[in-house]
Amino acid sequence: QVQLVESGGGLVQPGGSLRLSCAASGSFFSINAMAWYRQAPGKQRELVASITTGGSTKGADSVKGRFTISRDNAKNTVYLQMNSLKPEDTAVYYCNADITYYSGGNLYAYWGQGTQVTVSS
């Protein structure tokens, strides 16, 4: 059974920084793309940033220049460095990973349990 465990959320003042981490554990062959999503109260879940195995990244326009996604393939971990945080960044942040169980196998999407990020003075 694959688990994604997130950490690093919390309360921060506007303009502050937080770093989220998400570690994958369990028995699997490989992790393909990894990503961070967020969901604010009353809104749909949205993609924040994604990263391929090779390190290519994409990010939402709302976070470009402020958030950076990275990964450590040896640790099966993805990170989200969030700088210059704004109140509108307040949301539950979810980690996502596409995992295969054997070479050339199907991709299965897994989600973390979510971590709360609150930006408020």
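Each reported figure results from applying straightforward, stated rules to the coordinates on display, with no laboratory input. As the structure is a prediction and not an experimental result, all values here were calculated from the model. With ideal geometry, Cβ positions are generated from the backbone for all residues, glycine too; neighbour counts draw on all protein chains shown.
Tell me the chymotrypsin sites (Phe, Trp or Tyr not before Pro) within the range 36-121 that lie in a loop according to DSSP and have at most 16 other beta-carbon atoms within 10 Å. The partial results should precede the final answer.
On the way: sites: W36, Y37, F67, Y79, Y93, Y94, Y101, Y102, Y108, Y110, W111; in loops: Y101, Y102.
Passing sites in the range 36-121 are Y101, Y102.
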With r defined as the distance between the Cβ atoms of L11 and K64 and R0 fixed at 30 Å, what FRET efficiency is calculated, to the nearest 0.05? 0.80
In straight Cα distance, which aspartates and glutamates are under 13 Å from K64, not counting same-chain residues fewer than 8 positions off? D89
What is the Cα centroid distance between the range 5-41 and the range 51-69, reported in whole angstrom? 13
Any idea how far apart S25 and E46 come out in nm if each label point goes 7 Å out from Cα toward Cβ? 3.3
Given R₀ = 35 Å, FRET efficiency for S121-D72 by Cβ-Cβ distance, to 0.05? 0.60
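May I ask for the net charge around D89, where only other residues with Cβ less than 14 Å from the Cβ of D89 are counted and Lys, Arg are +1 while Asp, Glu are -1? Display every interim value, and only then the final one.
Details: positive: R19, R38, K43, K64, R66, K86; negative: E46, D61, E88.
Surrounding charge for D89 is +3.
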How long are the semi-axes of the ellipsoid equivalent to the chain, from square roots of 5 times the Cα gyration tensor eigenvalues, in whole Å, largest first? 26, 14, 12
By how many nm would the segment from T57 to Y102 grow when fully extended, if each residue of separation counts as 0.36 nm and the alpha-carbon distance is taken off? 13.7 nm
